[in-house]
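**Q** Following this message is one structure expressed as structure tokens.
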Amino acid sequence: MYVTAAFIIFILGCGFLGDRLITHFRERKHEAWLRFPSIEEYARKTQLSRIQCWHCRSYSIRQYGLEARNDKRRIHACNQCNTNLYRTMWG
Ligand SMILES: [Zn+2]
């Protein structure tokens, strides 16, 4: 009986810790996203006439969602050298 109870508590504890861990990693990801410049900051910082990669000067820039394809938090990266450039928000 005790063994079963201990086992159930253990499983619940694991679930709780797993949840905390996932939340922690998601927060870290979000903080990392916030550290990218916004597109306005990027334009100001790079002083380029058009938005382009500061690293290789390519105009070919792709974007992707932070955690999933349809994530509203977008990261824009250079297609040529893969450098992450700036962040935007959908909608
Ligand atoms: Zn580049």
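The values are calculated or read from the model by the stated rules, or taken from the named source; none is laboratory data. These numbers were taken from a predicted model, which means no experiment stands behind them. All Cβ positions, even for glycine, are placed from backbone atoms using ideal geometry, and neighbour counts span all protein chains on display. SASA here: full protein model, heavy atoms, side chains in, ligands and nucleic acids out. Shrake-Rupley method; radii C 1.70, N 1.55, O 1.52, S 1.80 Å.
**Q** Under a 5 Å amide H to amide H cut-off, with H placed in plane at 1.01 Å, what residues pair with TYR86 once short-range neighbours are removed?
**A** HIS76
**Q** I want to verify the translational diffusion coefficient of the chain in µm²/s; compute it with Stokes-Einstein, Rh as the Kirkwood radius over Cα pairs, at 4 °C and 1.567 mPa s. If you can, show how the numbers build up before the last one.
**A** Numbers: Rh = 15.7 Å.
The estimated diffusion coefficient comes to 82 µm²/s.
**Q** I would also like to ask the following. Using the heavy atoms of the protein chains and a 1.4 angstrom probe, tell me the accessible area per residue for the chain in square angstrom. Provide the component values of the computation, followed by the final result.
**A** Values: 7130 Å² over 91 residues.
Result: 78 Å² of accessible area for each residue.
**Q** When the accessible area of the range 1-68 is split by element with a 1.4 Å probe, what percent falls to carbon and sulfur? Spell out each step's value before the answer.
**A** Working: 3590 of 5680 Å².
Accessible surface attributable to carbon and sulfur in the range 1-68 totals 63 percent.
**Q** At ILE39 and MET89, where each label point lies 7 Å from the Cα along Cα→Cβ, what is the point-to-point distance in nanometres?
**A** Label-label distance for ILE39 and MET89, simple model: 1.4 nm.
**Q** If I fit a long axis through the Cα atoms of helix 2-35 and take the longest principal axis of the Cα atoms of the chain, what angle between them do I get, 0 to 90°, rounded to 10?
**A** 10 degrees
**Q** What trypsin sites (Lys or Arg not before Pro) in the range 1-58 are in a loop by DSSP, with at most 15 other Cβ atoms within 10 Å of the Cβ?
**A** Hits after loop and neighbour filter: ARG50, ARG57.
**Q** Report the longest stretch of the chain that contains none of the chymotrypsin sites (Phe, Trp or Tyr not before Pro) sitting in a DSSP loop with at most 16 other Cβ atoms within 10 Å. List each step's numbers first, then the result.
**A** On the way: sites that count: TRP54, TYR59, TRP90.
With chymotrypsin sites (Phe, Trp or Tyr not before Pro) excluded where exposed in loops, the chain gives 1-53 as its longest stretch.
**Q** Which shape class applies to the range 11-51: rounded if a/c is under 1.5, otherwise prolate when a/b exceeds b/c and oblate if not, where a ≥ b ≥ c are the square roots of the Cα gyration tensor eigenvalues? All intermediate terms of the calculation are to be shown ahead of the outcome.
**A** On the way: a/c = 8.74, a/b = 6.73, b/c = 1.30.
Judged from the Cα gyration tensor, the range 11-51 comes out prolate (a/c at least 1.5, a/b above b/c).
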